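For reference, the structure discussed in these notes is given below.
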Amino acid sequence: MKCRARNRRRAFRAFGAPDAAIAPSPHHSILRSRQFFTCRQSGFTLIELLVVLSIIMVLASMGLVQYRNSIVHAKEAVLKEDLFLMRDAIDQYYADKGQYPGSLDALASDGYLRSIPKDPITNSVSTWQSVPAEPNPNNPTAEPGVFDVKSGSEGTAIDGTKYAEW
């Protein structure tokens, strides 16, 4: 109600009505100061906006850290799975043929793997490090073959171990 009276007074002044037509009361200055606080326009103050924005920034930064950690966890899980599958294929190759494969490509060409998987840490197929088997004492001229495979990444996992040691 007070806001309407204040707006009405402004409208009278806008049309050039004299101040006497408004008929101020003796408590006009007190009412005017109260109206300023009670009839404040709706909205947010700058402090309120800054507090809300700072809370949003803190939550967003926490979310970004969680997102990046989840990506690293996913890559490490894929690396463990790929290493397990390639080592299993090497063991199957040895069980079937009595010797280790000459290279990782032999696993794919002989059908033990569909294709050599990409190292999820380095995003490359060519960075896998193959560990050669010990030479056969019965046939020292034979090529030893691939006994094990490791990642070619120099990075460190979340648990503190090197990817190349997995």
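The values are calculated or read from the model by the stated rules, or taken from the named source; none is laboratory data. The model shown is predicted, which means the values in this text are computed figures rather than measured ones. A quick note on method: Cβ atoms are made from the backbone with ideal geometry, for glycine too, and the neighbour counts reach across all protein chains shown.
Hey, can you tell me all the residues within the stretch 109-166 that are of a type in the set (S, T, Y) and touching a Leu at 6+ places or on another chain (Cβ under 8 Å)? Before you say what the answer is, go through the steps one by one.
Residues of the stretch 109-166 of a type in the set (S, T, Y): 109, 112, 115, 122, 124, 126-127, 130, 141, 151, 153, 156, 161, 163.
Matches in the stretch 109-166: S130, S151, Y163.
Return the only residue of L49, L83 being in a helix (DSSP H, G or I) and touching a residue at least 40 places away in the same chain (Cβ under 8 Å). Steps first, answer last, please.
Working: L49 fails: touching a residue at least 40 places away in the same chain (Cβ under 8 Å).
Sole residue among the options that is in a helix (DSSP H, G or I) and touching a residue at least 40 places away in the same chain (Cβ under 8 Å): L83.
Quick check: is even one residue across the stretch 68-86 under 18 Å from P144 (Cα atoms) and in the same structural domain as E134 (by TED's automatic domain parsing)?
Going residue by residue through the stretch 68-86, those that are under 18 Å from P144 (Cα atoms) are 86.
Subsequent filtering for residues that are in the same structural domain as E134 (by TED's automatic domain parsing) retains 86.
There is at least one residue in the stretch 68-86 that is under 18 Å from P144 (Cα atoms) and in the same structural domain as E134 (by TED's automatic domain parsing).
Give the residue that is farthest from T127 (Cα to Cα), with candidates limited to residues of the stretch 149-165 that are among the hydrophobic types (A, V, I, L, M, F, W, C) and buried (at least 16 other Cβ atoms within 10 Å of the Cβ).
Narrowing the stretch 149-165 to residues among the hydrophobic types (A, V, I, L, M, F, W, C): 149, 157-158, 164.
Subset that is buried (at least 16 other Cβ atoms within 10 Å of the Cβ): 149, 157.
Working: V149: 10, A157: 17 Å.
Among those residues, the one meeting the criterion is A157.
Hey, K97 hits all of (1) assigned by TED's automatic domain parsing to the domain that holds E154; (2) under 23 Å from T161 (Cβ atoms); (3) of a type in the set (K, R) but one; which does it fall short on?
Of (1) assigned by TED's automatic domain parsing to the domain that holds E154; (2) under 23 Å from T161 (Cβ atoms); (3) of a type in the set (K, R), only one is false for K97: (2).
Looking at the structure I just gave you, is G98 of a type in the set (G, A, S) and more than 22 Å from the chain's Cα centre (by Cα)?
Numbers: of a type in the set (G, A, S): yes; more than 22 Å from the chain's Cα centre (by Cα): yes.
Taking the combined requirement at face value, the residue satisfies it.
Return yes or no: is S54 modelled with pLDDT of 95 or more, of a type in the set (S, T, N, Q), over 30 Å from F147 (Cα atoms) and loosely packed, with under 11 Cβ neighbours inside 10 Å?
Working: modelled with pLDDT of 95 or more: yes; of a type in the set (S, T, N, Q): yes; over 30 Å from F147 (Cα atoms): yes; loosely packed, with under 11 Cβ neighbours inside 10 Å: yes.
Judged against the criteria, S54 is a match.
Of the residues in the stretch 108-144, how many are within 20 Å of A89 (Cα to Cα) and at pLDDT 90 or above?
22
When S115 is evaluated against the numbered criteria (1) in a helix (DSSP H, G or I); (2) exposed (fewer than 13 other Cβ atoms within 10 Å of the Cβ); (3) in contact with a helix residue (DSSP H, G or I) (Cβ under 8 Å, 6 or more places away or on another chain), which criterion, by number, is the only one it fails?
With (1) in a helix (DSSP H, G or I); (2) exposed (fewer than 13 other Cβ atoms within 10 Å of the Cβ); (3) in contact with a helix residue (DSSP H, G or I) (Cβ under 8 Å, 6 or more places away or on another chain) applied to S115, the lone miss is (1).
Could you check the stretch 143-166 and list, in sequence order, the residues that are free of Cβ contacts under 8 Å to residues at least 24 places away in the same chain, closer than 17 Å to N69 by Cα and outside any strand (DSSP E or B)?
Hits for the stretch 143-166 are D159, G160, T161.
Considering only residues of the stretch 87-112 that are farther than 13 Å from F147 by Cβ and among the polar types (S, T, N, Q), which is surrounded by the fewest Cβ atoms within 10 Å (Cβ to Cβ)?
S109
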